[in-house]
Amino acid sequence: MNLLHDTSLARFGGWTSSVDLPPGKRDPSMKAAEHAYRYLKDLIVTLELPPRAIVTEKEVASATDVSRTPVREAFFRLQAERLLDIFPRRGAVVPEITLRGITEQAQTRLVLEGHGVESICNRKIPVAGELFRLIEQQEAVYRRDPTKILEMVLIDKEFHWSLVKAIGNTEFSQLYNTLHDRQVRIGIAMFNAVDDRPCKAIHQHTKIAEAIQENDTELALERLEYHLIESLDELTGIFTG
């Protein structure tokens with residue numbers, strides 16, 4: 001069945017037809033379902049499998065050289081993580097990245113990271129050195145090769161993760177980490193969409209780290225909010241929905 005003409009899926013619109021999947025070499029020590037899961041997740045998170053792309057169990061099974069049963073398990077895991085939308089007996093679609101989704105994640109992160117910033121400043125937790133180290137890493141990658149988007153985004157994510165893990169709250173850390181894959185996926189999309197966003201991110205990270213170094217809670221929170229929320233204005237018209 002051609003998913004593009006299935007009326008039950010028509011509400012999504014703008015679908016990308018099935019894509020040619022790259023071969024996924026399996027480590028013999030890895031279970032088939034885990035292999036299929038990691039293979040697909042990597043393609044989705046890095047945007048190698050673009051939003052609205054259609055995939056089927058048969059295609060993934062062929063690409064990964066496993067049976068369809070473990071692929072089905074992988075589909076369900078990715079659906080639970082909101083990285084895939086499944087349509088039984090038809091296939092699955094990679095979710096679109098929308099402005100609403102970007103904004104809602106940024107708002108959620110502001111709550112979690114903001115609590116981290118408050119605790120860091122109030123308790124004078126020495127995390128500024130680590131933040132500046134990560135900024136230097138991100139800037140070095142940008143200067144060496146500004147097309148290394150994934151590498152920069154992973155460092156970007158580590159910068160923000162440091163604001164949460166530094167306070168030593170296991171529940172908070174676990175909650176924040178549930179955002180990891182979607183956070184990276186959105187970060188790659190935004191860095192690709194706006195040419196100078198990586199440069200701006202580095203500058204804004206520096207301002208946040210400077211405020212934290214001075215234990216200035218109000219200023220650090222103000223700069224974090226600008227970085228996560230107010231800077232999204234430049235995405236209007238690029239991402240819809």
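Ile167: within 21 Å of Glu218 (Cα to Cα) and over 19 Å from the mean Cα position of the chain (by Cα), yes or no?
Working: within 21 Å of Glu218 (Cα to Cα): yes; over 19 Å from the mean Cα position of the chain (by Cα): yes.
Yes; evaluated as a whole, the condition is true for this residue.
Give Val153, Val141, Val184 a once-over and let me know the one that is over 16 Å from Ala106 (Cα atoms) and assigned to a helix (DSSP H, G or I). Break it down into steps so the answer makes sense when it comes.
Details: Val153 fails: over 16 Å from Ala106 (Cα atoms); Val184 fails: over 16 Å from Ala106 (Cα atoms).
Of the residues listed, the single one that is over 16 Å from Ala106 (Cα atoms) and assigned to a helix (DSSP H, G or I) is Val141.
Determine, yes or no, whether Val164 is part of a helix (DSSP H, G or I) and surrounded by 17 or more Cβ atoms within 10 Å (Cβ to Cβ). So that I can check it myself, show each step before the final result.
Values: part of a helix (DSSP H, G or I): yes; surrounded by 17 or more Cβ atoms within 10 Å (Cβ to Cβ): yes.
Yes: the conditions hold for Val164.
Give the residue, chosen from Ile54, Ile102, that is among the aliphatic types (A, V, I, L, M) and at pLDDT below 95. Steps first, please.
Working: Ile102 fails: at pLDDT below 95.
Every option except Ile54 fails the conditions.
Of the residues Lys124, Lys148, which is on the phi > 0 side of the Ramachandran plot, assigned by TED's automatic domain parsing to the domain that holds Lys207 and over 15 Å from the mean Cα position of the chain (by Cα)?
Details: Lys148 fails: on the phi > 0 side of the Ramachandran plot.
One residue alone meets the criteria, Lys124.
Take segment 167-181 and flag every residue that is in a helix (DSSP H, G or I) and either of a type outside the set (Val, Ile, Thr) or touching a strand residue (DSSP E or B) at 6+ places or on another chain (Cβ under 9 Å) (or both).
Filtering segment 167-181 for residues in a helix (DSSP H, G or I) gives 170-177, 180-181.
The answer is Glu171, Phe172, Ser173, Gln174, Leu175, Tyr176, Asn177, His180, Asp181.
Conditions (1) without any contact (Cβ under 8 Å) to a residue 60 or more places away in the chain; (2) out of contact with any Gly (no Cβ under 9 Å at 6 or more places or on another chain); (3) surrounded by fewer than 19 Cβ atoms within 10 Å (Cβ to Cβ), marked per residue:
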residue: Arg68; (1), (2), (3): yes, yes, yes
residue: Val71; (1), (2), (3): yes, yes, no
residue: Ala74; (1), (2), (3): yes, yes, no
residue: Gly91; (1), (2), (3): no, yes, no
residue: Thr103; (1), (2), (3): no, yes, yes
residue: Val111; (1), (2), (3): yes, yes, yes
residue: Gly114; (1), (2), (3): no, yes, yes
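Name the one entry in Asp27, Asp6 that is of a type in the set (Asp, Glu), more than 28 Å from Phe191 (Cβ to Cβ) and at pLDDT 50 or above. Walk me through how you get there before you give the answer.
Working: Asp6 fails: at pLDDT 50 or above.
Testing whether each residue is of a type in the set (Asp, Glu), more than 28 Å from Phe191 (Cβ to Cβ) and at pLDDT 50 or above leaves just Asp27.
Take His203 and decide whether it is crowded, with 17+ Cβ neighbours inside 10 Å and over 22 Å from Leu43 (Cβ atoms). Working first, answer last.
Working: crowded, with 17+ Cβ neighbours inside 10 Å: no; over 22 Å from Leu43 (Cβ atoms): yes.
Answer is no for this residue.
Kindly establish whether Leu134 is touching a helix residue (DSSP H, G or I) at 6+ places or on another chain (Cβ under 8 Å), within 15 Å of Leu221 (Cα to Cα) and either surrounded by 14 or more Cβ atoms within 10 Å (Cβ to Cβ) or in contact (Cβ under 8 Å) with a residue 24 or more places away in the chain (or both).
Against the criterion (touching a helix residue (DSSP H, G or I) at 6+ places or on another chain (Cβ under 8 Å), within 15 Å of Leu221 (Cα to Cα) and either surrounded by 14 or more Cβ atoms within 10 Å (Cβ to Cβ) or in contact (Cβ under 8 Å) with a residue 24 or more places away in the chain (or both)), Leu134 does not qualify.
Do we have any residue at all in segment 42-62 that's outside the structural domain of Thr206 (by TED's automatic domain parsing), among the basic types (Lys, Arg) and within 21 Å of the chain's Cα centre (by Cα)? Outline the logic, then answer.
Taking segment 42-62 as the starting set, the residues that turn out to be outside the structural domain of Thr206 (by TED's automatic domain parsing) are 42-62.
Keeping just the survivors that are among the basic types (Lys, Arg) gives 52, 58.
Filter once more, so that each one left must be within 21 Å of the chain's Cα centre (by Cα): 52.
Yes, there is a match, as at least one residue in segment 42-62 is outside the structural domain of Thr206 (by TED's automatic domain parsing), among the basic types (Lys, Arg) and within 21 Å of the chain's Cα centre (by Cα).
The values are calculated or read from the model by the stated rules, or taken from the named source; none is laboratory data. Keep in mind that what you see is a predicted model, and the values were worked out from it rather than measured. Cβ coordinates were reconstructed from backbone atoms using ideal geometry, including for glycine residues, and neighbour counts include every protein chain displayed.
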